[in-house]
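Okay, structure first, notes after.
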Amino acid sequence: MSDKPNFRLRPLEEKDLETVAVFEGEIAKISFPDDPITDTRFYVKKLKQLMANKDAAAFVAESGSELVGWANVSQRQNFITKEKYADFHSIYVAPSQRGGGVVSALVNAVFDHCRKQGLDKVVFRTRADNERMKSVLARVGFLPTQIYYEKALDRKDKG
């Protein structure tokens with residue numbers, strides 16, 4: 001058995017947008033289970049904006065002619081301290097490729113991009129109950145630093 005991965009990484013291209021939009025819909029189902037946006041047109045529009053953003057980078061993992069993963073990151077600036085940092089927005093790996101090194105390769109591509117941009121800190125947000133993603137983040141060196149709380153209020157008609 002070969003240790004050579006059965007995928008390659010490359011930058012996101014226009015031809016990838018529909019497939020990556022589906023990936024983003026799958027992420028939305030996990031991130032926003034009560035009301036996920038799964039409309040691929042919505043994501044294609046966002047992805048086109050991403051591709052035009054000089055402060056962002058997006059990578060896809062390709063196995064043969066099939067996309068099997070993707071990740072993206074953009075540069076942000078703290079509005080108070082003016083510190084620049086990397087905002088790691090998305091990572092997705094097709095179920096058939098999980099455990100095969102795609103996650104590590106995508107994360108390393110993001111981290112390499114951040115280093116080249118002179119960014120010393122990377123942040124990633126995920127749902128508090130997304131144990132699979134939290135495990136991946138811990139495995140690649142992320143530490144939890146904040147907890148975001150939310151409370152839904154009952155709406156009562158007043159009238």
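Residue count for the range 130-159 under the criterion of being assigned to a loop (DSSP other than H, G, I, E, B) and either aromatic (Phe, Trp, Tyr) or surrounded by 10 or more Cβ atoms within 10 Å (Cβ to Cβ) (or both): the result is 6. So for the range 90-112 (the condition being more than 19 Å from GLU26 (Cα to Cα) and touching a Lys or Arg at 6+ places or on another chain (Cβ under 6 Å)), does at least one residue qualify? No, that holds for no residue. Scanning the range 32-83 for residues that are closer than 14 Å to THR19 by Cα and within 14 Å of the chain's Cα centre (by Cα) yields TYR43, LYS46, LEU47, ALA58, PHE59, VAL60, ALA61, VAL68, GLY69, TRP70, ALA71.
When PHE59, PHE79 are checked against the criterion of being aromatic (Phe, Trp, Tyr) and surrounded by 10 or more Cβ atoms within 10 Å (Cβ to Cβ), a single residue qualifies: PHE59. Scanning the range 105-124 for residues that are surrounded by 13 or more Cβ atoms within 10 Å (Cβ to Cβ) and at pLDDT below 95 returns no hits.
Being modelled with pLDDT under 95, among the charged types (D, E, K, R) and over 26 Å from LEU143 (Cα atoms), is that true of even one residue in the range 17-34? Yes, the range 17-34 has at least one match.
The values are calculated or read from the model by the stated rules, or taken from the named source; none is laboratory data. If you're wondering where the values come from, they're calculated on a predicted model, not measured in any experiment. Every residue, glycine among them, receives a Cβ derived from its backbone with ideal geometry; neighbour counts consider all protein chains shown.
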